[in-house]
């Protein structure tokens, strides 16, 4: 298979995701689709809401119970604090980043995302995690701007002092890894000056 040329000379088609890696602080950041892991991870982050209702493969469908019954059940349920992280056992571990409150519009707040991202790295250190998969939080179930998420991720990576050595930024379908890599590299260059 031959590589094609992109219209923009700054962009190129990527056939090998090893080309989409950079180092931020002491952490190697690989950027690849969520369906194509560049390496095995010890833990993976999932965005979640205060009621723990969201699922990675969530599909909206008719509830099995009347809505008023579900609302009553939720009202009595303990909710999670936005900005926190819940660690679930498994292989890999799951870090549920609480970045949504479905009772608010929008459901996310930037301070929740930043706090949860910081807590992910704290939990990674506590659990001795070396490799981690992180999706762009609040962009799948919300409309948080990707550029802002990349800035938050960049800051969190630079501040991380945990055992973490590799992070996989798990891109949803339709995003171009080289464009994201260029944006993160610009963050590093701006921080250096």
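Here the label points at residue 185 and residue 159, each 7 Å from Cα along the C-beta direction, are separated by 2.7 nm in the simple model. Highest mean packing comes first when the peptides 40-49, 20-29 are listed by Cβ atoms within 10 Å, giving 40-49, 20-29. Taking 0.36 nm per residue of sequence separation and removing the Cα-Cα distance, the residue 64/residue 147 pair yields an extension gain of 26.1 nm.
A short reminder: the numbers here are calculations on the coordinates, not readings from a lab. These numbers were taken from a predicted model, which means no experiment stands behind them. Backbone-built Cβ (ideal geometry, glycine too); neighbour counts: all protein chains shown.
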